[in-house]
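For reference, the structure is listed below as structure tokens.
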Amino acid sequence: METLGVPSRPLPCKSFLNSTTRTEITLKPGVFRQMGVVSTLWRQKRSNLGSLTLGRSVSGGEKGGFRSSQDGSSTMEDKEEEEGLLLGAERDDSVSVVGFHLIPPSGDSKAISTLDKLATDGEEVTEDIEREEKIPTRVTHNIIFVTAEAAPYSKTGGLGDVCGSLPIALADRGHRVMVISPRYLHGGPSDKNFSGTSDVGCGIKVYCFGGAQEVAFFHEYRAGSLWTTLHTTVLEIHMVIFMVLLVIISSGSVYFVMQRAEAPLVLPLGGFTYGEKCLFIVNDWHAGLVPVLLAAKYRPYGVYKDARSILVIHNLAHQGVEPAITYKNLGLPPEWYGALEWVFRHGQEHMPLTLGYSWEITTVEGGYGLHELLSSRKSVLNGITNGVDDTEWNPSLDKHIPSHYSIHDLSGKVECKIALQKELGLPIDPDCPLIGFIGRLDYQKGIDIILSATPELMDEDVQFVMLGSGEKQYEDWMRVTESYYKDKFRGWVGFNVPISHRITAGCDILLMPSRFEPCGLNQLYAMRYGTIPVVHSTGGLRDTVENFNPYAQESSGEGTGWTFSPLSRESMLVALKVAIQTYREFKPSWEGLMKRGMKRDSTWDNAAVQYEQVFEWAFIDPPYIS
Ligand SMILES: Nc1ncnc2c1ncn2[C@@H]1O[C@H](COP(=O)(O)OP(=O)(O)O[C@H]2O[C@H](CO)[C@@H](O)[C@H](O)[C@H]2O)[C@@H](O)[C@H]1O
């Protein structure tokens, strides 16, 4: 069998960006979710710099270093770079490459060896660390997150939150974690999110859409510990932001570039690479080709033969459906077409859903055409509830809110409410129930239900604030409604993280009538802030919000909010009115609701433990090799 990918001799590694001229050519803010992407792209006049791609063909492979070929294949180049660090392969007993070490260009024998540092084989047992409250990690892995968004670098919704927090939680549990995400530059203030990253010094070339896409990697090492008071584990997490340097023909190709799986093999992060015995966590459709690439382009040549991949579905409704020609443009082997072939059916309506999301997506209503496929894979389909990043969403530390508070002293919450009313120009009235909504303005979030119920809701003595952006019809509706109900309604059109924190802290009730909700984060944040969720009983909302029962526990009550079903204007209004009445007339019950929500254990560490269980299962079966 031809073996590709991992050079047996030192691999050149040098930045494309050194000694080059960059010209900014395109600027188009990304609408990541619906595929309209693209970040700022750079055109580069390149000098004769080293490059690397891996792929199927090995023509010309008798030479030394890698070089790319037009069909997406890889060849090796004999020209070694005159400057820069070289990488030497390290192999385990089965001669599989498990990592690389750095060799100075001079060939100095004092190369940095990784053998004693590198945890690549997924079998290493971590040392017993003093963790009083955490379930200890049994096995550590080299984990590669591939994602279109990762906060704080980029975020348009919950995907950014998860991929900003879960990697840190896993790193804190002893795993070596890398996050690969695009470097979106828009020429606006958000560009500064990337200012802490620096050029790794390794570029690769990816052939797709009929041309070479030159990719540079930027890196930021994030150290620290979420649990510094409990123990002193040093986090090791590498944020790898890549930048595509040539014109992208198709907006989706930026995601394809993101998925080319060379980064663990070529990037000498922290002095050594991740190696090929790693675990890819690929998120949503943007990263969905990684398992296909592993199986079709790497494993047949012995590369990544011990790697595993896990697809995390955050939202099945968005699938990045492309015309068939895209497959050819990606340069994937024709025999693998069947792995991707699927015809999108337009116009599917959602029925109200009643059980957890991992079950919902195996049904006709929730599967968006993939229910049969997912049903056939039920044995490897698991549902994990997201967590709350305590460094970001914590009412006693939150840098975005005017007063801090905790379960032991709630007085700051009313101050947050008053400040919010002031900021929004609403009448200041700490006793008036203040209802909030935060989210994308689209069909998933049940905005149409809110729209139909608002006139009746406005008959009540309440205030209502909505923060969101999305479909223009709903944005327009928010503006009109605000001008109509000046003393009661505020519609903040836009994406604004600080305001989202102040609404979460200042409101009494958070409304989420989502048509479907894979997990949902805002209800978790709300409960953490003593804000009572009123939610449609679906997916993750149903899993996380416990319906209020005032008579339980010898009349001291139980539950953390209200869940209503079916999804209709009427049932939502009933739930809201009961919540409003409870707020006004049953203060002790309300405080009980607040405190139970605030006490909920929603740490990312909990979720990370469940992910580790899935990792364990993923490594039991051998990977598919064609
Ligand atoms: N206008 C605005 N301004 C500021 N912040 C805003 C905002 N609109 C939304 N946000 C923020 O974006 C995030 C939204 O996360 P959600 O999980 O609620 O929904 P989303 O549908 O994006 O995520 C998908 O992925 C996540 C992650 O798995 C699942 O929880 C979810 O069910 C699934 O639909 C929250 O942090 C929220 O505060």
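Mind checking whether some residue in region 174-186 is open to solvent by 20 Å² or more (accessible area, probe 1.4 Å), out of contact with any Phe, Trp or Tyr (no Cβ under 7 Å at 6 or more places or on another chain), hydroxyl-bearing (Ser, Thr, Tyr) and over 17 Å from Pro268 (Cα atoms)? No. Only residues that are surrounded by fewer than 23 Cβ atoms within 10 Å (Cβ to Cβ) and either within 16 Å of the ligand (Cβ to nearest atom) or under 18 Å from Leu541 (Cβ atoms) (or both) were counted across region 411-440, and they come to 3. The sole residue among Pro395, Pro402 that is touching a residue at least 24 places away in the same chain (Cβ under 8 Å), away from the ligand (no atom under 16 Å from the Cβ) and either crowded, with 20+ Cβ neighbours inside 10 Å or not assigned by the TED database to the domain that holds Leu573 (or both) is Pro402.
For every residue, the table says whether it meets (1) within 12 Å of the ligand (Cβ to nearest atom); (2) open to solvent by 10 Å² or more (accessible area, probe 1.4 Å).
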site	(1), (2)
Glu456	no, yes
Glu460	no, yes
Ser469	yes, yes
Met478	yes, no
Arg490	no, yes
Gly494	yes, yes
Ile499	yes, no
Gly506	no, no
Ile509	no, no
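Which number in (1) crowded, with 18+ Cβ neighbours inside 10 Å; (2) modelled with pLDDT of 80 or more; (3) part of a helix (DSSP H, G or I) marks the one condition that Thr326 misses? If we test Thr326 against (1) crowded, with 18+ Cβ neighbours inside 10 Å; (2) modelled with pLDDT of 80 or more; (3) part of a helix (DSSP H, G or I), just (2) comes out false. Residues of region 539-554 that are open to solvent by 20 Å² or more (accessible area, probe 1.4 Å) and either part of a helix (DSSP H, G or I) or within 12 Å of the ligand (Cβ to nearest atom) (or both): Arg542, Asp543, Gln553, Glu554. Of everything listed in (1) free of Cβ contacts under 8 Å to residues at least 12 places away in the same chain; (2) touching a Gly at 6+ places or on another chain (Cβ under 6 Å); (3) of a type outside the set (Gly, Ala, Ser), the single unmet condition for Asp476 is (2).
Scanning region 185-201 for residues that are at positive phi and modelled with pLDDT of 80 or more gives a single hit, Gly187.
Give the number of residues within region 511-538 that are near the ligand (Cβ under 7 Å from one of its atoms), over 18 Å from Gly412 (Cα atoms) and outside any loop (DSSP other than H, G, I, E, B). Selection size over region 511-538: 1. Could you list all residues from region 413-452 that are closer than 23 Å to Tyr583 by Cα and of a type in the set (S, T, N, Q)? Within region 413-452, Gln421 is the sole residue that qualifies. Among the residues of region 267-285, just one is assigned to a helix (DSSP H, G or I) and open to solvent by less than 10 Å² (accessible area, probe 1.4 Å), namely Leu269.
The values are calculated or read from the model by the stated rules, or taken from the named source; none is laboratory data. Quick caveat: nothing in here was measured; it's all calculated off a predicted structure. Note that we place each Cβ from the backbone using ideal geometry, even for glycine, and neighbour counts take in every protein chain shown. Note: accessible area is taken over every heavy atom of the protein model, side chains too, but ligands, DNA and RNA are not part of it. Shrake-Rupley method; radii C 1.70, N 1.55, O 1.52, S 1.80 Å.
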